[in-house]
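Chemist: Quick one: the structure is below, questions incoming.
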């Protein structure tokens, strides 16, 4: 039995709350250290470029282009959904960052790493954009290669933040949970509206 959008939304919220408790109590430190040491050998300038695919500026431009594409195809619901998911994810992520006030492992303005650490905006934003596109294309039985490429973008962008040492892995997990929960909530809303 497939999980419903409602179940994914509720599970995402609960998982985020549990994760945040571990983050605040610093119980995630061993996991963060383990993952950082695991990916650190990958460190290189290429990830400084790849991480930009998840920057707010790039995601906003790509969202605008994708919105125009959906409107051109006559799919206004998907067009506005993409925008709303992006905006809600961005606002929620920034609010949570301020609420938790957790410092980054490294501050680097050149890598868009000047705000608080938890959750990762690159992780939540990339999942909100590339992940939502992957979900829509998957649901429409589009090319598995395209869906896989979009999912790969989410993974590379998110993990680049750990590789570049501007986020902890727990920040990435938190970002993924925020993005996933907002996408699931949007699907739940759309299904209820069409029922």
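Chemist: So residue 15 ticks every box in (1) in a helix (DSSP H, G or I); (2) surrounded by fewer than 12 Cβ atoms within 10 Å (Cβ to Cβ) but one. Which box is left unticked?
Modeler: So residue 15 meets the others, but not (2).
Chemist: Residues in segment 30-43: is at least one over 21 Å from the mean Cα position of the chain (by Cα) and over 19 Å from residue 160 (Cβ atoms)?
Modeler: yes
Chemist: Is one or more of the residues making up segment 59-67 under 23 Å from residue 188 (Cα atoms), part of a helix (DSSP H, G or I), touching a residue at least 40 places away in the same chain (Cβ under 8 Å) and in contact with a helix residue (DSSP H, G or I) (Cβ under 6 Å, 6 or more places away or on another chain)?
Modeler: Checked segment 59-67: at least one residue is under 23 Å from residue 188 (Cα atoms), part of a helix (DSSP H, G or I), touching a residue at least 40 places away in the same chain (Cβ under 8 Å) and in contact with a helix residue (DSSP H, G or I) (Cβ under 6 Å, 6 or more places away or on another chain).
Chemist: Please find, within segment 51-68, the residue that is nearest to residue 166 (Cα to Cα) out of those that are surrounded by fewer than 16 Cβ atoms within 10 Å (Cβ to Cβ) and over 15 Å from the mean Cα position of the chain (by Cα).
Modeler: Ranking the candidates gives 61 first.
Chemist: If only one of 148, 101, 125 is crowded, with 22+ Cβ neighbours inside 10 Å and either within 12 Å of the chain's Cα centre (by Cα) or farther than 24 Å from residue 57 by Cβ (or both), which one is it?
Modeler: Answer to the selection: 125.
Chemist: Which one is farthest from the chain's Cα centre (by Cα), of the residues in segment 69-98 that are surrounded by fewer than 19 Cβ atoms within 10 Å (Cβ to Cβ) and touching a residue at least 60 places away in the same chain (Cβ under 8 Å)?
Modeler: The residue in question is 77.
Chemist: Might you let me know whether segment 82-92 holds any residue that is out of contact with any strand residue (DSSP E or B) (no Cβ under 6 Å at 6 or more places or on another chain) and not in a helix (DSSP H, G or I)?
Modeler: no
Chemist: Moving to a separate point now. Would you be able to tell me the number of residues in segment 106-121 that are in contact with a helix residue (DSSP H, G or I) (Cβ under 8 Å, 6 or more places away or on another chain), in a loop (DSSP other than H, G, I, E, B) and in contact (Cβ under 8 Å) with a residue 24 or more places away in the chain?
Modeler: Here the count works out to 5.
Chemist: Which of the residues belonging to segment 128-145 are on the phi > 0 side of the Ramachandran plot and either in contact with a helix residue (DSSP H, G or I) (Cβ under 7 Å, 6 or more places away or on another chain) or surrounded by 13 or more Cβ atoms within 10 Å (Cβ to Cβ) (or both)?
Modeler: None - no residue of segment 128-145 is on the phi > 0 side of the Ramachandran plot and either in contact with a helix residue (DSSP H, G or I) (Cβ under 7 Å, 6 or more places away or on another chain) or surrounded by 13 or more Cβ atoms within 10 Å (Cβ to Cβ) (or both), so the list stays empty.
Chemist: Being under 17 Å from residue 96 (Cβ atoms) and out of contact with any helix residue (DSSP H, G or I) (no Cβ under 7 Å at 6 or more places or on another chain) is the filter here; which residues of segment 1-19 pass it?
Modeler: Once the filter is applied, which keeps residues that are under 17 Å from residue 96 (Cβ atoms) and out of contact with any helix residue (DSSP H, G or I) (no Cβ under 7 Å at 6 or more places or on another chain), segment 1-19 yields 14, 17, 18.
Residue-by-condition table, conditions (1) surrounded by 13 or more Cβ atoms within 10 Å (Cβ to Cβ); (2) assigned to a helix (DSSP H, G or I); (3) in contact (Cβ under 8 Å) with a residue 40 or more places away in the chain:
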| site | (1), (2), (3) |
| --- | --- |
| 3 | no, no, no |
| 23 | yes, yes, yes |
| 31 | yes, yes, yes |
| 36 | yes, yes, yes |
| 41 | no, yes, no |
| 47 | yes, yes, yes |
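Chemist: Please count how many residues of segment 146-171 are touching a helix residue (DSSP H, G or I) at 6+ places or on another chain (Cβ under 6 Å) and free of Cβ contacts under 8 Å to residues at least 40 places away in the same chain.
Modeler: Looking only at that region, the number is 5.
No value in this document is a laboratory result; all are computed from the given coordinates. This structure is a prediction, so every number in the text was calculated from the model and none was measured. Note: ideal-geometry Cβ built from the backbone for every residue, glycine included; neighbour counts use all protein chains shown.
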